[in-house]
C-alpha cells in the first residue's frame with residue numbers, strides 16, 4: 001500500500017511557505033502485531049502545528065525535518081492485526097498529513113458514525129472543544145452574570161468557549177476578524193456582542209461592549225486584542241492562556257516600550273490569575289466533557305461550524321489561511337471519502 | 001492632647017523626597033463614643049506605601065494630599081470610651097505617621113506584650129508575615145523537593161517565604177542586594193543558597209543555584225530579578241505576585257523591545273500560573289496563620305530581623321532607604337517608649 005504524505009522540508013521563518021514542505025509517496029509495510037493500516041478520511045488543521053514546525057522550546061517536541069507533519073485524523077481501518085479493530089471501522093487517531101499510515105492501535109479510538117458527524121471528532125467533540133471546556137471551566141470559572149471575552153471566536157475553541165460561558169449564565173463577547181465572522185458570532189453562535197478586531201476603534205468598541213468590565217478572558221490570540229482587553233479586566237479576573245496565534249509567525253520581539261512590567265503591574269493591582277495550559281493536562285476531565293458537550297450539541301445549546309477543504313494537496317495553503325484567519329470555523333482537510 | 005503628624009504635601013514623581021511631606025502639630029479632640037486616644041509606639045514602614053502616595057489606579061485608594069500618611073502602628077491606649085480597651089493597653093492599629101491619634105476601637109486589636117515582642121505584630125506575626133504565609137501556601141503551594149525563589153529576601157515577607165518553604169520541604173533560594181544581606185540569608189535565615197542581584201553574573205549564578213529549575217517564584221520586586229527568573233521557571237511553576245518594588249518609582253515604561261508577548265509565551269508554553277494578590281484577600285486564613293507562625297518563631301524554625309529607627313522625624317529618610325534596600329530586615333520607626 002502506498003501513502004502520499006507531506007513532510008516538513010525545512011523550518012519556516014515567519015509564515016510557512018510551500019517550499020517548507022515536500023510531498024512524497026512511500027510504500028507502507030504491512031501492519032505488524034498490534035498495528036492497523038489506516039486510510040485517512042479527514043485531517044484536522046490547528047494553530048498549534050505552527051509551533052511544531054519550530055525547534056524553539058515548547059510543551060511538545062517539534063516535528064523533525066523530513067518527518068511527516070503531525071495532526072489528528074479520522075481514518076478508516078483497512079487492515080488490522082488487533083481483533084479490537086476490524087476493516088471498515090472508523091477511528092480517531094494522530095496519523096498526520098498523509099493519505100495512509102500504519103499506526104499502533106493503542107493510539108486509536110473507535111468512532112460511532114451514527115452518534116455524531118465524523119468531523120466533529122476533530123472539532124467541537126474533539127481536541128478543540130475539550131480545550132475550550134477544560135480551560136474555561138477549570139481556569140476561567142465563569143460565574144452567572146460575569147462577562148467572558150474570547151477572540152478567534154468563530155474558531156472551534158473560541159465558539160465553544162462563548163457558548164459554554166452562556167450555558168453557565170455569563171455574558172459572552174466574541175471577537176473575530178471582519179463582518180462575515182462577526183455576523184456569524186451573533187447569528188449562528190448567539191454571542192451577546194460581536195466585535196471586529198480590525199475596526200480602527202476596536203478598543204473603544206470593546207469598552208462599550210463590556211460596561212461591567214471583563215471577568216474572564218480566554219486568551220488564544222494575543223497581540224492587539226490582548227492589549228485592549230488588559231485595561232478592561234476586573235479585579236480577580238481569570239485568563240486561561242491557551243494560544244497566542246497572532247504571534248506565532250513573529251521573528252522578532254516588537255519595538256518598545258517594554259510592557260512586561262506593565263503587565264505584571266496589572267496582575268498585581270487587580271489580583272489577576274493568568275494560567276497557561278494545554279488540554280492534555282486535563283485529560284482526566286474527558287469523561288465528563290464528552291457527554292456534556294455532545295448533549296449540548298444534540299439539544300442545540302452548542303452550534304458548531306466546520307470549514308472542510310477537499311484534498312490533501314490543499315493542506316499547506318489551507319494552513320496558511322488558518323494563521324491569517326481566512327477559514328470560517330473548524331478547518332478540516334477532506335483526504336478521502 | 002497634641003499630635004505631631006507627617007502629611008502628604010504633594011504626590012511624588014519617582015523617589016519620594018522630603019518636600020513631598022509636611023510635619024504638622026494638631027490638637028486632637030477627646031475620644032467620642034467607641035473611640036480611643038492612642039500614643040504611637042511603633043510605626044511600620046512598608047513598600048506598599050509608595051503606591052498610596054500616587055493616584056494611579058490600585059487596589060486601595062490613595063492617601064489624599066494634606067492627609068496623614070497611612071501605616072500600621074503599635075500604640076498605647078491613653079484614654080478610651082470603649083470598656084474593652086483600658087488606659088495602658090497595647091494595641092495594633094492603623095494610625096499612620098503620627099505620634100498620637102483618636103481611632104475607632106473596631107480597628108484595634110489588643111496585643112499581649114508577654115506573648116511576643118511588640119514589634120513582631122508589624123512584621124513576622126503581622127501583615128508581612130501573613131502576606132508571606134497566605135501567598136506562598138495558597139498560590140505558590142511548594143511541594144517537598146521543589147525549588148522556591150524569593151527576592152528582597154532579608155525583608156519580612158521574603159525571609160518568611162523562604163523559611164516557610166523550608167518547613168514545607170522545599171529548597172529555598174534567597175536573593176538580596178550586597179554581601180551583608182546574602183550572608184544574613186545563609187547564616188541567620190538558613191536559605192539553601194543566597195544570591196546578590198547586583199552581581200554582574202547574577203543570571204548565571206541563579207542558573208547554577210537552580211539546577212532543577214524554579215517551581216515557585218514569590219514575586220515582590222520585579223525588574224532584572226524577574227527577567228533572570230523567567231528562563232529558569234519549570235513547567236507548571238507558580239508565581240504569587242505580591243509586589244514590584246523595583247518599579248514603584250518608575251515614571252516611564254522602560255525602552256523596548258516589548259517583552260509583553262514574550263512573557264505570555266512563557267506562560268503558555270510552560271503552563272505557568274501568575275496570580276496577583278494582596279493579603280486582605282486571604283484574611284479568613286489569619287486564624288490558622290497566627291498560631292502556626294508564632295509557633296515556628298517560638299521553636300526557632302522561623303528567624304526574623306528588625307531594623308528599628310528611632311524617631312518619627314526620621315520616617316521620610318527611612319522610607320527612602322526602604323525603596324533602595326538600605327534597611328536590614330523589617331523597617332520600623334520607634335515613635336515613643
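The values are calculated or read from the model by the stated rules, or taken from the named source; none is laboratory data. For clarity, every value in this text was computed on a predicted model and none was experimentally measured. As a convention, Cβ positions derive from the backbone with ideal geometry for all residues, glycine included, and neighbour counts pool all protein chains shown.
Some notes on this structure:
- Exclusive hit being without any contact (Cβ under 8 Å) to a residue 24 or more places away in the chain and either in the same structural domain as residue B:322 (by TED's automatic domain parsing) or not in a strand (DSSP E or B) (or both), set B:31, B:12, B:57, B:16: B:57
- The single condition from (1) away from every other protein chain (no Cβ under 11 Å); (2) more than 30 Å from residue A:122 (Cβ to Cβ) that residue A:254 fails is (1).
- Test: residue A:163 is under 21 Å from residue A:239 (Cβ atoms) and without any contact (Cβ under 8 Å) to a residue 12 or more places away in the chain: no
- Test: residue in segment B:21-40 that is closer than 22 Å to residue B:326 by Cα, crowded, with 17+ Cβ neighbours inside 10 Å, within 25 Å of the chain's Cα centre (by Cα) and at pLDDT 95 or above: yes
- Among (1) more than 7 Å from every other protein chain (Cβ to nearest Cβ); (2) surrounded by fewer than 16 Cβ atoms within 10 Å (Cβ to Cβ) - the single one residue B:240 does not satisfy: (2)
- Annotation note: of B:261, B:300, B:276, the sole residue that is in contact with a helix residue (DSSP H, G or I) (Cβ under 8 Å, 6 or more places away or on another chain) and either more than 14 Å from chain A (Cβ to nearest Cβ) or more than 30 Å from residue B:96 (Cβ to Cβ) (or both) is B:261.
- One residue stands out among those in segment B:199-225 that are within 14 Å of another protein chain (Cβ to nearest Cβ) and surrounded by fewer than 22 Cβ atoms within 10 Å (Cβ to Cβ): the one that is modelled with the highest pLDDT, which is B:213.
- On the stretch given as segment B:251-277, residues that are touching a residue at least 60 places away in the same chain (Cβ under 8 Å) and surrounded by fewer than 19 Cβ atoms within 10 Å (Cβ to Cβ) total 1.
- Test: residue A:300 is surrounded by fewer than 20 Cβ atoms within 10 Å (Cβ to Cβ), more than 19 Å from residue A:186 (Cα to Cα) and without any contact (Cβ under 8 Å) to a residue 40 or more places away in the chain: no
- Those residues of segment B:60-80 which are modelled with pLDDT of 95 or more and either outside any loop (DSSP other than H, G, I, E, B) or within 14 Å of chain A (Cβ to nearest Cβ) (or both), in sequence order: B:68, B:73, B:74, B:75, B:76, B:77, B:78, B:79, B:80
- Test result for residue B:71, touching a strand residue (DSSP E or B) at 6+ places or on another chain (Cβ under 6 Å) and assigned by TED's automatic domain parsing to the domain that holds residue B:209: no
- Selection count, segment B:82-139, where residues are without any contact (Cβ under 8 Å) to a residue 40 or more places away in the chain and either within 23 Å of residue B:314 (Cβ to Cβ) or in contact with a strand residue (DSSP E or B) (Cβ under 6 Å, 6 or more places away or on another chain) (or both): 10
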